[in-house]
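The values are calculated or read from the model by the stated rules, or taken from the named source; none is laboratory data. Fair warning: this is a prediction, and the values are worked out from it, not measured in the lab. Glycine also receives a Cβ, built like all others from the backbone with ideal geometry; neighbour counts cover every protein chain displayed. Each accessible area value is taken on the protein alone, full model and side chains, heavy atoms only, with ligands, DNA and RNA left out. Shrake-Rupley method; radii C 1.70, N 1.55, O 1.52, S 1.80 Å.
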Amino acid sequence: VVSCVGWLGSAERGELASLRTHPFAAGVSFHPTLADVFCSGGFDKKIRVWDVPKKAVRAWALVTELITSVAFSPDGGYVAAGLFQGQVFFYHTEGLRYHTQIECRNRRGKFKAGRKVTGLQFMPEELDLDAFGGGGGAAGG
């Protein structure tokens, strides 16, 4: 079993916390309204919501593919996980309950089987999402 230690901090305040994290975290996103909460996702196919003061995982969920990016919705009510084969899974932040999923794939051509989601960005004040793939293209949701 491989374990890693992640450090949270800032230039002004120094180290805030060190956490034992999962190996190969590919994405991290901080909660937009709760300063002590962040989510991470990685190659172990788990998305986790962390509680910084407790240095513990609040909730986690297992997905079907490697997680390549994560993001909170603007209100913090949802977490999105972008996957290696082009899917994006949405979860309710509280308890990481599954909500829905979308496929970010081309209808034809060499990327019809999907391409890893390298970035996720919600539009302000909406549950509208732009997902970026390995080629730099965006697919609006």
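A single entry from L66, L83, L62 fulfils the requirement of being over 20 Å from G119 (Cβ atoms) and hydrophobic (A, V, I, L, M, F, W, C): L62.
Residues of segment 56-83 that are free of Cβ contacts under 8 Å to residues at least 40 places away in the same chain, of a type outside the set (K, R) and within 17 Å of V28 (Cβ to Cβ): A56, V57, A59, W60, A61, V63, L83. Scanning segment 92-99 for any residue that is modelled with pLDDT under 90 and either touching a Lys or Arg at 6+ places or on another chain (Cβ under 9 Å) or open to solvent by 80 Å² or more (accessible area, probe 1.4 Å) (or both) turns up nothing. Here T21 fits the description: of a type outside the set (F, W, Y), in contact with a Gly (Cβ under 9 Å, 6 or more places away or on another chain) and at pLDDT below 60.
For segment 62-77, give me each residue that is in a strand (DSSP E or B) and either open to solvent by 50 Å² or more (accessible area, probe 1.4 Å) or acidic (D, E) (or both).
Step one: list which residues in segment 62-77 are in a strand (DSSP E or B), which gives 62, 67-72.
Result: L62, single match.
Residue by residue through segment 32-56, note down the ones that are hydrophobic (A, V, I, L, M, F, W, C) and open to solvent by less than 50 Å² (accessible area, probe 1.4 Å). Across segment 32-56, the qualifying residues are V37, F38, C39, I47, V49, W50, V52, A56.
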